[in-house]
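Accompanying notes for the structure given below.
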Amino acid sequence: MESNNNLNYARKNQRALLADAYQGLVDHVNQQHNLDAPANPMAVGRRIILPSTFVGSPRYMKGCYHDAMAIVRKYGKPDLFVTFTCNPRWPEITQNLGRWTAPTDRSDLIARVFHAKLKVLMQDIVVDCVFGNVDAYVYTVEFQKRGLPHAHILIILKEDSKLLTVEDVDNVVCAFLPDLTSNRRLFDCVTSHMIHGPCGTLNANSPCMVDNKCLKRYPKEYSDETVYASNNGYPTYRRPNNGPVVLVRQLEVGNEFVVPHNPYLLAKYDAHINVEVCSTVKSVMYLDKYVYKGHNAATMEVWDGDEISK
């Protein structure tokens with residue numbers, strides 16, 4: 001309802017929003033789409049220019065991106081990239097659902113619980129300094145197609161907390177299955193939330209498979225120790241080949257499918273929390289663009305003709 005009110009205000013107050021100042025942009029759009037041609041069916045209607053304050057619009061996302069790049073110019077490149085996804089099985093959600101209600105039916109409840117969890121998570125990161133002293137951070141919240149929100153967080157650490165050595169990375173990020181006997185809760189959280197796929201030769205029909213290759217480059221290669229410098233902007237995390245094997249979706253997987261995570265945050269929030277260390281400056285542009293990429297978009301074509309001959 002609030003989004004509809006904002007759209008109605010933008011449509012009826014174009015003069016107050018100084019939309020005439022974008023006349024050059026309008027002329028360019030008209031030329032691109034041939035809207036001035038009277039015989040063109042696309043000329044029906046009138047284009048409305050949305051202000052940059054409209055949340056979710058392309059201009060809003062571009063403004064946020066430029067703000068993030070300004071933060072990078074002042075404080076340096078991001079050190080950590082965190083993805084926090086809502087867990088529909090949180091007790092705060094399941095205990096407040098009706099008898100015949102699924103979590104996807106209560107998007108309002110999911111959004112409120114996730115917002116509360118996200119505030120506590122940011123307090124752990126910024127105030128309690130789980131990763132170290134934080135110099136700056138940016139984050140954005142998106143919604144998946146099934147209604148579950150997730151947050152992309154970029155963290156810039158202060159100089160005294162920078163991850164400079166392999167030991168620093170190992171203290172923050174883990175990418176292997178924990179010991180079942182010593183920490184059963186952490187083991188259950190990893191197997192429930194931090195196992196990718198399985199894909200590859202184990203499951204060629206996985207959604208992440210394109211041209212017989214995983215888009216996320218799983219399964220990962222085994223490594224006895226962390227290699228901090230890497231070509232793709234992320235370190236090669238420690239993944240020993242002597243770890244346990246678990247049964248996920250009727251398939252046996254090991255450390256090669258474990259998504260990098262922080263054990264403390266994972267056990268505390270019982271949700272998918274992917275933590276990646278940004279090892280090179282090459283990842284700065286990609287990370288900020290990924291955070292402010294905007295909503296999904298699709299290109300449609302309307303044509304009039306014979307479907308059989310088409």
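The values are calculated or read from the model by the stated rules, or taken from the named source; none is laboratory data. What you see is a predicted model, and the numbers here were worked out from it, not measured in a lab. Every residue, glycine among them, receives a Cβ derived from its backbone with ideal geometry; neighbour counts consider all protein chains shown. We work out accessible area using only protein heavy atoms, side chains counted, and drop any ligands, DNA or RNA first. Shrake-Rupley method; radii C 1.70, N 1.55, O 1.52, S 1.80 Å.
By average Cβ neighbour count within 10 Å, what is the ranking of 260-271, 66-77 from highest down? Working shown, then result.
Details: 260-271: 19.5, 66-77: 14.6.
Descending packing order for the listed peptides: 260-271, 66-77.
Which pairs, out of 119/158; 117/213; 77/216, put more than 26 Å between their alpha-carbon atoms?
Going by Cα-Cα distance, 117/213 fall outside the 26 Å limit.
Accessible area of residue 215, 1.4 Å probe, to the nearest 10 Å²?
Spelled out: residue 215, probe radius 1.4 Å, area about 120 Å².
Compute the distance from the alpha-carbon center of the stretch 91-162 to that of the stretch 172-187, in whole Å.
Spelled out, the Cα-based centre of one part sits 22 Å from the other.
Sort 252, 92 by heavy-atom solvent-accessible area, probe 1.4 angstrom, most to least.
Ranked list, largest accessible area first: 252, 92.
Using a 1.4 Å probe on the protein heavy atoms, what percent of the accessible area of the stretch 58-104 belongs to carbon and sulfur?
55 percent
Along the Cα→Cβ direction, 7 angstrom out, place labels at residue 111 and residue 184. What is the inter-label distance in nm?
Taking the two extended label points, one gets 3.9 nm.
Quick check for you: with a 1.4 Å probe and neighbouring chains kept, what is the accessible area per residue of the stretch 236-276, in Å²? Don't skip to the answer; put the middle values down first.
Values: 1760 Å² over 41 residues.
With all protein chains present, the stretch 236-276 gives 43 Å² per residue.
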